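No lab work stands behind these numbers, since they all come straight from the coordinates. Quick caveat, the model's predicted, so the values are computed rather than measured. Quick reminder, even Gly has a Cβ in these numbers, built from the backbone with ideal geometry, and neighbours come from all protein chains shown.
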Amino acid sequence: MTHLSPPSQASYKLTSPSPNLPKETTNRILPGADHQGVMVVFLVFLAFCLSAVDGQFPRVCSTEAAFHTKTCCPLWKDKSPCGSLSGRGRCRNWLNLHGNKIPLNSDDRLDWPRYYYENTCECHGNYSGFDCGDCKFGHHGEKCDRKKVVLRRELRELTFLEQKRLFSYLALAKTTKCRDFVILSTGDRFHQETYRFVDASLYDVFAWMHYYSMKPILVNGTFNPNKNFAHQGPVFPGWHRLNLLFLERQIQLMTGDEDFAIPYYDWRGEKNCSICTDELLGTNDAQAVLSPYSHFSFWKAICSGFDFPDEYCPLADEEYKLERLHRKPGTTPYAPNLPTYEDVDNALKLEKLDTPPFNETSRHSFRNSLEGFLSPDGVTLKRSLHNLVHIYLGGTMSQIPISSNDPIFILHHSFIDKIFETWIAKYNKSPDDFPENNLMGQGPNDCATPYFPCYKNKDLIYSSTKFGYKFSSFLRKPPMGRRNYQ
């Protein structure tokens with residue numbers, strides 16, 4: 001892998017107070033030491049991170065004016081906010097809809113995205129993106145009127161050339177700096193003067209979203225390490241579905257390949273990680289270091305090195321301090337094996353998405369079994385499915401906040417999404433089946449953090465074809481006499 005640039009090609013700091021924010025909040029955005037770096041877009045393999053889709057933070061909204069007015073309604077090509085003159089969308093104020101104010105000394109992600117922006121684009125029809133400049137997932141064309149459904153296949157269904165194309169696309173995503181998005185880094189979440197916005201590659205923006213959403217929730221000056229915005233509650237399957245959709249769509253835009261679809265890894269019943277070869281995801285040595293012949297041997301993990309609850313990704317622009325990816329499948333004593341066919345079949349027997357208290361102790365909960373705090377029997381609290389795979393793979397994957405840095409994460413979660421999709425179809429589930437709850441950021445009508453425009457948590461319980469993809473019915477040699485689910 002080619003190492004790109006010196007650290008901090010673009011860095012923006014929060015430094016001056018705003019009357020529109022709580023007294024201790026600061027919001028002036030100034031260029032860092034490298035003033036020319038603010039607008040630099042690195043050309044890697046002659047490609048860009050093209051066009052805005054759904055992510056945080058849009059560079060165009062990381063400005064002094066945006067934070068003073070708490071407004072992220074960028075001008076589209078017609079020079080109107082959110083493309084309003086062209087009928088693409090409008091700039092909407094959400095304050096009257098929500099009403100409540102975010103308490104002082106509380107989390108910047110509460111009631112997303114109102115800590116930063118109270119005015120954002122509301123897109124019409126099939127338009128989407130933070131400026132309504134793109135299309136909803138599964139739609140293409142200037143008017144977003146062309147529907148397309150891509151096929152997500154098992155990694156080993158792909159031809160040799162298709163596998164090579166996948167790895168080249170991932171390399172491109174890892175080494176291409178995003179023109180439209182920056183990531184948030186802080187020295188101290190209690191002091192907004194330490195907040196700054198830093199350049200990152202497309203893949204690192206994707207990995208950062210997972211990290212950012214997983215940080216402990218801060219309320220009235222106290223951190224709750226057991227609560228976050230992506231796990232341990234009913235949002236788990238939908239949030240990760242949206243996370244993969246973001247990456248899939250961005251790679252389609254970056255490469256111009258509308259047929260690109262994220263593959264999945266069917267790990268059921270495997271005695272070892274069969275895709276952990278240098279031809280695919282990479283082997284490792286006894287110290288968990290990936291082989292130099294792996295496609296990912298020199299990848300660094302964004303937001304690695306420190307995991308203090310009062311910081312966000314403090315080393316984001318210091319690549320030399322970041323950890324290399326590492327992996328050590330099957331060496332954790334309490335996770336010696338991958339989940340079985342029966343584990344998946346039994347989890348699919350649980351009809352309710354989630355049950356009170358909507359956390360890691362919920363029983364008879366499909367979500368809790370899928371996430372892996374609950375045995376697929378629906379009663380016994382023990383590691384299973386999603387969590388078991390993370391622990392089994394070890395290394396970076398077992399460090400859940402930064403696990404998305406390892407590309408095996410997207411293959412694993414694509415299969416988790418396939419199980420979720422199978423459950424939706426089996427019981428004809430819809431947004432009405434998302435349970436009411438009082439978890440912060442996990443209510444049915446809460447916006448998924450940190451995406452633009454707002455995706456309500458409940459609206460991710462639709463058939464995958466609504467979002468422009470479906471899964472293959474790959475049969476990976478199940479045991480004799482067993483019928484594999486489609």
Inset, instruction - Could you tell me which of rounded, prolate or oblate describes segment 326-402, using a ≥ b ≥ c as the square roots of the eigenvalues of the alpha-carbon gyration tensor, with rounded for a/c under 1.5 and, failing that, prolate when a/b is larger than b/c and oblate otherwise? - result: prolate
Legend entry - Links that overshoot a 19 Å alpha carbon limit, given the list Lys271/Lys328; Lys174/Lys271; Lys426/Lys466: Lys174/Lys271
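What's the local net charge at Pro333, with K and R +1, D and E -1, over the other residues with C-beta under 15 Å away?
+3
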Inset, instruction - Give the cross-link partners of Lys77 among the aspartates and glutamates, using a straight C-alpha distance below 14 Å as the criterion and excluding same-chain residues fewer than 8 apart. - result: Asp131, Asp134, Glu142
Inset, instruction - Order these peptides, 215-226, 447-458, by their mean beta-carbon neighbour count within 10 angstrom, highest first. - result: 447-458, 215-226
Legend entry - Placed amide H near Arg152: partners under 5 Å, 5+ positions off or other chain: Lys470, Phe471, Ser472
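Taking a ≥ b ≥ c as the square roots of the Cα gyration tensor eigenvalues, with a/c under 1.5 meaning rounded and otherwise prolate when a/b beats b/c, else oblate, which class fits segment 314-457?
The shape class here is oblate.
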Inset, instruction - Could you tell me whether segment 180-235 comes out rounded, prolate or oblate from its Cα gyration tensor? Rule is a ≥ b ≥ c as square roots of the eigenvalues, rounded for a/c under 1.5, then prolate if a/b exceeds b/c, otherwise oblate. - result: oblate
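Report, as a whole number in µm² per second, the diffusion coefficient that Stokes-Einstein gives for segment 213-321 at 37 °C and 0.692 mPa s using the Kirkwood radius over alpha carbon pairs.
Diffusion coefficient, whole number: 187 µm²/s.
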Inset, instruction - Return the long-range amide H neighbours of Val182 (sequence gap of 5 or more, or a different chain), with a cut-off of under 5 Å between placed amide H atoms. - result: Phe57, Arg59
Inset, instruction - Quote the FRET efficiency, to the nearest 0.05, computed for Ser472 versus Asp307 with a Förster distance R0 of 30 Å and r equal to the Cβ-Cβ distance. - result: 0.25
